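Student: Take a look at this one; I'll ask things after.
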Amino acid sequence: MFVFRAEALPKDPVFPADLKQLGYFINDQDQIKKISNPEEDFVFKINTNDRYNEMQKEAMNTCIRHIVASRLLNLGLETLRLPIGAAANSQHVPILTSPAFQSQPRLIVVFGEPTQDLGIWAYRVIGKEGINIGSAVNFATAILGNNTCPRDSGCQTIDTNIANANNNQHQDSSSSFPAGTGLILTNPGQLVWHCAKEQAMSLPMWHALPRRSAVEPPMRMTFRNKIPGNETWQDHITYVFEEVLGKLAAPDVRIDIIGLAEGGLGAVRYLAEHWTAWKPRISALCLSNPLHDTNHLHPPDFANFMSTRSRAYLLSEKPLNTPVAGRYEFGCNCYSSGEALNVESIMPRAWGGMLKWLDAMFEDSGLEEVEVIVGENEVGEDGGVDVDVVG
């Protein structure tokens, strides 16, 4: 049996969280490219040891998170620590809210995936297509109506990227949101508390923490790494409903919900269980890559809401908003997201269509989705595949 001394083990690799030192820069299209070859994207595999590859990727992701957070805060969003009242150095998870969300008559609430960082849709889209496109920056800009940012603030080419997103992704985000529309970006992906850094982390961030050697396992978690009331992504979603929307938002607020994968599943589970209390406040529900099934749709009143005031966007290469099969499985009309491969890329492709639909549903509480049944021939049962809502 071979025994290695500690000093003989390979050292844990260290990469600086600095774009320039990593060898990358942000070009005029807001894309991340190599300094040595401005046509080349981020290169993940730089070593046969996966620890090196993962550590470099996390250093890059840290840079991206800082840039995205700066741009979102520059748009006017504010950080709210959960649980409510938590000190900055105590266990908490941050979410982002519009400044006046407590008094605004309409709120758009996004429940993301447990694999996403706050304000990030897809790192792969950020690097290749643009930081604002692959993050929540363009999305938040469309809602908050702030289309100008100083260049030195890090909020780069927002107008250009919104135009590119609409042109390249077949989106129409031209809906005019009133000044009273607020936004809440929840954070079900960063629910691990690091005591020394006094920071909420995602699992990839936790696994990228420094180790004694490159072959050491990640640090073990204890109760100290749990965030009160937000121990799991379902707990986090429940906390946002009960403590943020239930106690801080205006009593007569109308809420639009966007749920991404598990985020949508958590919202559906919670609303099904508490539908009587939330029915007057929920305007519409939009899902991407839904994970629920019709067994979750009880009571019948909630199932009717899902059928008439909800829709889902699925992986499909068809143009955005094209009806696709899925109604029998999910209890609501299903549409193509325009993204065929990656679940995390649905939101960058489809948010324009989502916002346009949510806006229409908010403007008229009597609007309902036409029941569209799409079979193998991909023909709507009603023949009304080009009709989205009906009074």
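Student: Could we say that residue 303 is in contact with a Leu (Cβ under 7 Å, 6 or more places away or on another chain), in a loop (DSSP other than H, G, I, E, B), touching a residue at least 24 places away in the same chain (Cβ under 8 Å) and among the small types (Gly, Ala, Ser) here? Break it down into steps so the answer makes sense when it comes.
Tutor: On the way: in contact with a Leu (Cβ under 7 Å, 6 or more places away or on another chain): yes; in a loop (DSSP other than H, G, I, E, B): no; touching a residue at least 24 places away in the same chain (Cβ under 8 Å): yes; among the small types (Gly, Ala, Ser): yes.
Answer is no for this residue.
Student: Of all residues in the stretch 14-70, which are of a type in the set (Gly, Ala, Ser) and not in a helix (DSSP H, G or I)?
Tutor: 17, 23, 36
Student: Let me ask you something else. Within the stretch 217-253, which residues are β-branched (Val, Ile, Thr) and not in a helix (DSSP H, G or I)?
Tutor: 222, 227, 232, 253 - these are the residues of the stretch 217-253 that are β-branched (Val, Ile, Thr) and not in a helix (DSSP H, G or I).
Student: Let me ask something additional. Assess whether residue 294 counts as being modelled with pLDDT under 95, of a type in the set (Val, Ile, Thr), over 22 Å from the mean Cα position of the chain (by Cα) and farther than 28 Å from residue 369 by Cα. Don't jump to the end; show me each part of the working.
Tutor: Details: modelled with pLDDT under 95: yes; of a type in the set (Val, Ile, Thr): yes; over 22 Å from the mean Cα position of the chain (by Cα): yes; farther than 28 Å from residue 369 by Cα: no.
Taking the combined requirement at face value, the residue does not satisfy it.
Student: Would you mention how many residues in the stretch 250-270 are farther than 25 Å from residue 336 by Cβ and either without any contact (Cβ under 8 Å) to a residue 12 or more places away in the chain or under 21 Å from the mean Cα position of the chain (by Cα) (or both)?
Tutor: 5
Student: Among the listed residues 2, 44, identify the single one that is under 16 Å from residue 124 (Cβ atoms) and free of Cβ contacts under 8 Å to residues at least 24 places away in the same chain.
Tutor: 44
Student: Within the stretch 175-216, how many residues are in a loop (DSSP other than H, G, I, E, B) and farther than 30 Å from residue 363 by Cα?
Tutor: 17
Student: Okay, moving on. In the list 8, 59, 17, which residue meets the criterion of being in contact with a Pro (Cβ under 9 Å, 6 or more places away or on another chain) and small (Gly, Ala, Ser)?
Tutor: Values: 8 fails: in contact with a Pro (Cβ under 9 Å, 6 or more places away or on another chain); 17 fails: in contact with a Pro (Cβ under 9 Å, 6 or more places away or on another chain).
Result of the check over 8, 59, 17: 59.
So that you can scan it fast, the table gives a plain yes or no per residue for (1) more than 24 Å from residue 141 (Cα to Cα); (2) touching an Asp or Glu at 6+ places or on another chain (Cβ under 8 Å); (3) among the small types (Gly, Ala, Ser); (4) surrounded by 18 or more Cβ atoms within 10 Å (Cβ to Cβ):
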residue: 18; (1), (2), (3), (4): yes, no, no, no
residue: 31; (1), (2), (3), (4): no, yes, no, yes
residue: 36; (1), (2), (3), (4): yes, no, yes, no
residue: 43; (1), (2), (3), (4): yes, no, no, no
residue: 50; (1), (2), (3), (4): yes, no, no, no
residue: 56; (1), (2), (3), (4): yes, no, no, yes
residue: 64; (1), (2), (3), (4): no, no, no, yes
residue: 70; (1), (2), (3), (4): no, no, yes, no
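Student: Would you check if residue 339 is touching a Leu at 6+ places or on another chain (Cβ under 9 Å) and crowded, with 19+ Cβ neighbours inside 10 Å?
Tutor: Judged against the criteria, residue 339 is a match.
Student: Taking only pairs six or more apart or across chains, which ones have beta-carbon atoms under 9 Å, a first residue in the stretch 199-214 that is under 23 Å from residue 6 (Cα atoms), and a second residue that is among the hydroxyl-bearing types (Ser, Thr, Tyr)?
Tutor: What qualifies is 208/62; 214/52.
Student: Among the residues of the stretch 254-300 satisfying the criterion of being part of a helix (DSSP H, G or I) and in contact with a Ser or Thr (Cβ under 8 Å, 6 or more places away or on another chain), which is surrounded by the most Cβ atoms within 10 Å (Cβ to Cβ)? Before the answer, list the steps.
Tutor: Taking the stretch 254-300 and keeping what is part of a helix (DSSP H, G or I), we get 262-273, 275-278, 294-296, 300.
Now narrow it down to the ones that are in contact with a Ser or Thr (Cβ under 8 Å, 6 or more places away or on another chain): 263-264, 266, 270.
Details: 263: 29, 264: 27, 266: 26, 270: 18.
The extreme case among them is 263.
The values are calculated or read from the model by the stated rules, or taken from the named source; none is laboratory data. The shown structure was predicted, so the numbers you read here are calculated from the model rather than taken from an experiment. Here Cβ is always computed from backbone atoms with ideal geometry, including for glycine, and neighbour counts include all displayed protein chains.
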